[in-house]
Each structure stands twice: as structure tokens, then as C-alpha cells.
Amino acid sequence: MYPDPNSRSARLFERACAVMPGGNTRLAVYQDPFPIFVAHASGCRVTDVDGVERLDFINNQSALVHGHCFQPVMAAAAAQLQRGTCFSGPTDAEVELAEALQARAPWFERMRFTNSGTEAVMLAVKAARAHTGRYKIAKCEGAYHGSYDFVEASRGSTPANWGDARVPARVPYSKGTPPAVGELTVVMPFNDIEAAAAILEAEAGELAAVIVEPVANRPGMIPADPEFLAFLRAFTSRVGIPLIFDEIISFRLGVAGAQAGYGIVPDMTTLGKLIGGGFPVGAVAGRADIMSVFDQRKGSPAVPHTGTFNANPVSMVAGLETLKAFGGQEVGRINQTGARVREAIDGIFARAGIEGQASGAGSLFRIHFTGRPLTDYRSAYPTPAAQAAVTALHKALLNRGIMVSANCSGNLSTVVGDAEIDRMLDAVARSLAEIRVPA
Ligand SMILES: Cc1ncc(COP(=O)(O)O)c(C=O)c1O
């Protein structure tokens, strides 16, 4: 049973605390009172250091779209390891991965690889600024676009500091964020065209870009209204600035990402997670004229970009194998299963007479303890009682052998079958029956 103070995880955490602040080097995988240390994993099953096996509906924050140790990826990575892990020179693997991405989304005219999604977003912002000669970036309240000052504003705002819903406060996420960052980051409400329009119009002359997730993950796994994205597309086109779609999570929703489903072509797209097949990766893809800020062929580029491990061949071959096995059929299949999961969770809440629902899209879901319509960060922001229920559900699921994120969000890999889905749904039903939920 978690948390067991005598478990190996507990002891490892104690050791970790003596060498890392908070015993942690990745906040997203921390859980109170200590994280569960992993020993190994295969397919949709993860075994912890105490020998407990659980079904994985996190898949390293959605990076493992084929689950753990997917054989084609393992074989390609193992073969690459024998040829070398990184070189002071490009490889054919990066060209092939870029070509594979372009084949899926031909409007990815040029691409640049990084080691993380955060870096991809940083790079997209730098490109937009260099391209437009302006500095301000507009983002949606509560959105997470990586650990980067300029896109972190309002990521963690609370009812105590978030201000007017129609003009959200620009609340820094980290202490020590220079005030200038707040001056250059414009925060707008998600899915509210009228309020966003007022904010964006007032800043139009100074904006370098608008960045948005087609499905807002951290704010609550909430799909954008098609009209909201269409509005952002029209606004950015009219004022001549790049529209950046952050598809680091949502790319899995379509062969060419969520953007294809919406029928909206952004100027730049940030990618990560699944396109590295379980190895570190990020990418920015977009219009050739904007991406030319990185082009060194005619002298020093407008945005010099380098990185010791950029486009490292292990990530590139792993990403390529992942994409090869993630065509329209596989995308459609896990998206359909996702719809079944969300519907089933809604049914479980209804039958239990508990206010709650599942949000999400395609193969992504999140469980909420509220019945109100979820449209943005504020509508999905849990009350203290709802948050306590989320935490209790997370723990109850863990003890039934089911892994979802601490905020009860999850995603489906291609290797999860009906039996595992049924087991997860059964665990949700049984867990809901035993935890205390808000009245
Ligand atoms: C939408 C979004 N953007 C950016 C990032 C940052 O990516 P990374 O963790 O690879 O730096 C994440 C990570 O979860 C994300 O969900």
C-alpha cells in the first residue's frame, strides 16, 4: 500500500533529499509524501522498486505513445547505440525524422530540433521576435508551455491573485522572475473571444506572437472551441504575427496533430514528447520564411541556435520508428478508446451520484470533481474540497494498480487493450465509492 514508510521508495526518497532539493529533480513526478521510484516497465505496465506492478496511464507525461520498450523503437535505438550516441556532425536520422514530420504536415516547411519541449517553445518565441522585431508574447491563462519565464506567467495563478476574469493578472510562476517579463507577457482567457480580442487589440502593435495549445492540458485538458482558434488565426494574420500552436501534448490527437482536426494551420508548431519515442526531444516546425531566422548560409543568422545534443541520433531514430507505427489507424483507434473512457467515467460519476466528469480529447483525459461546464482555467480550477478528492482518487487508484497523474489526468498508449481499460474504469468506480468527495 502506498505510502508505506518502510518501502524502498520511501528510503530512496530519504537518500534523494540529502542530495537534491526536495529529493527531486522533476516537479511533475513528485507526489506527497514521496514519489514511487520505478524499477522497470514494459508495454503498459510499470514495476516499482518494491516490486509492485501497475497499469500506466501516464506514459511519461504522454511521451510514450506506444508504451514502454516498444520493440521497433528499442531495436532502432539499440542499433544506433552501436553506431554512436552523438557526434559533432549531423546524421541522416535527423533528416529522416524531419521528412517524416513534413510528410504528415506539409506546412511544417522547415524544422529545428531541441532536447525538450521547453527549448522548442523558447526557440519559437525567439524566432517570432526576430521575425517581427517585436517582443511581447500573448498566452492563455493557466497554460503551461514549459519552464520558461516568458510563457510561465499566470501558470499558477489562484483565486487570490488572478484578478478580473476578462483581464487576467500576469502572475509570475517563479519567485525571482524579473518584472520586465510580466511587461512582455500578455495573458488572455482561453475560449473567450470577446475578452481575448479586447486584450489582444490593445497590444496589437507590440505583439510578436500568440501561443496557444489546441487542447489546454494543465488548465484542465480542455479542448479549444474551434471558433476561438479561428479567431486567433484571423487576428494574428491580420496583424502579421506568428500564431504558435503548442502541440507538445496534443500532436498525438491526429496524424498531423490537433491542428489538422481543427483545420487551422498555425505559422509555427512546437513539438516534443512522442516525436522522440521516449528519448529527450523537442522541435519547432513552421513557415520557411519565419524559420529562415535560423539559416546560417548567408552569414550569421538572425537567431543563432546550437545545442550539444540537438537532433541526437538516438532520439531521432526512436522518434522515426514511433511515427511509423502511429498512422491514421492507430491514432483513430486510441482516440476512439479515449472517447469511450471519458464517456464511461461520466457514467460512473452519474451512477455514483457524485458531481464529476472527464474532460479531454482523443486519447487524453482528466477527471474533475465538478459538474460545471469546463471551458477554461478558472472553470476547471478545483475548490479545496475538489482538490482533496482528486488527491484521494489518485492515491486510491495507485493502490488498485492504476497510474494516472497526480491531477488525475491520463493518456492512452497504443498497447493498452480493452482488458486494461476495463480494469482502470473498474478501479475508478471502486475508488470513487470509498473516498470522501465534496458534497
Ligand atoms: C504543452 C506543453 N508545452 C511544453 C512542455 C514542456 O516540454 P518539456 O517537458 O519537454 O520541456 C510541456 C510539458 O509537459 C507541455 O505539456
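The values are calculated or read from the model by the stated rules, or taken from the named source; none is laboratory data. Just so it is clear, the model here is predicted, and its values are computed rather than measured. Reconstructed Cβ throughout: ideal geometry from the backbone, glycine too, with neighbour counts over all protein chains shown. These accessible areas exclude ligands, DNA and RNA; they are computed on the full protein's heavy atoms, side chains included. Shrake-Rupley method; radii C 1.70, N 1.55, O 1.52, S 1.80 Å.
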Original post:
Which of the residues belonging to the range 163-191 are in contact (Cβ under 8 Å) with a residue 24 or more places away in the chain, under 22 Å from L374 (Cβ atoms) and buried (at least 20 other Cβ atoms within 10 Å of the Cβ)?
Top reply: P168, V187, M188, P189, F190, N191
**OP:** Mind telling me which of the residues A344, A352, A339, A361 ends up being assigned by TED's automatic domain parsing to the domain that holds N59, open to solvent by 50 Å² or more (accessible area, probe 1.4 Å) and of a type in the set (A, V, I, L, M, F, W, C)?
**Re:** A352
**OP:** Return only the number of the condition from (1) over 24 Å from L364 (Cα atoms); (2) surrounded by fewer than 24 Cβ atoms within 10 Å (Cβ to Cβ); (3) within 16 Å of the ligand (Cβ to nearest atom) that R218 does not satisfy.
**Re:** (1)
Original post:
Looking at the range 267-305, which of its residues are over 24 Å from the mean Cα position of the chain (by Cα) and of a type in the set (S, T, Y)?
Top reply: S292, S300
**OP:** Report yes if some residue within the range 315-331 is touching a Lys or Arg at 6+ places or on another chain (Cβ under 9 Å), in contact (Cβ under 8 Å) with a residue 12 or more places away in the chain, within 15 Å of the ligand (Cβ to nearest atom) and in the same structural domain as L200 (by TED's automatic domain parsing); otherwise report no.
**Re:** no
Original post:
Out of the residues in the range 134-148 that are open to solvent by 50 Å² or more (accessible area, probe 1.4 Å) and in contact with a strand residue (DSSP E or B) (Cβ under 8 Å, 6 or more places away or on another chain), which is nearest to N217 (Cα to Cα)?
Top reply: Y135
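Please go through the range 13-33 and pick out each residue that is over 26 Å from H145 (Cα atoms) and open to solvent by less than 100 Å² (accessible area, probe 1.4 Å).
Once the filter is applied, which keeps residues that are over 26 Å from H145 (Cα atoms) and open to solvent by less than 100 Å² (accessible area, probe 1.4 Å), the range 13-33 yields F13, A16, C17, A18, P33.
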Original post:
Cβ-Cβ below 6 Å, separation at least six or inter-chain, first residue in the range 39-55 and modelled with pLDDT of 95 or more, second among the basic types (K, R) and not in a strand (DSSP E or B): which pairs?
Top reply: V49/R8; D50/R8
**OP:** Would you confirm whether any residue within the range 106-129 is in a loop (DSSP other than H, G, I, E, B), open to solvent by 40 Å² or more (accessible area, probe 1.4 Å) and among the small types (G, A, S)?
**Re:** no
Original post:
Mind checking which residues of the range 279-298 are open to solvent by less than 40 Å² (accessible area, probe 1.4 Å) and not aromatic (F, W, Y)?
Top reply: V281, G282, A283, V284, A285, G286, A288, I290, M291, V293
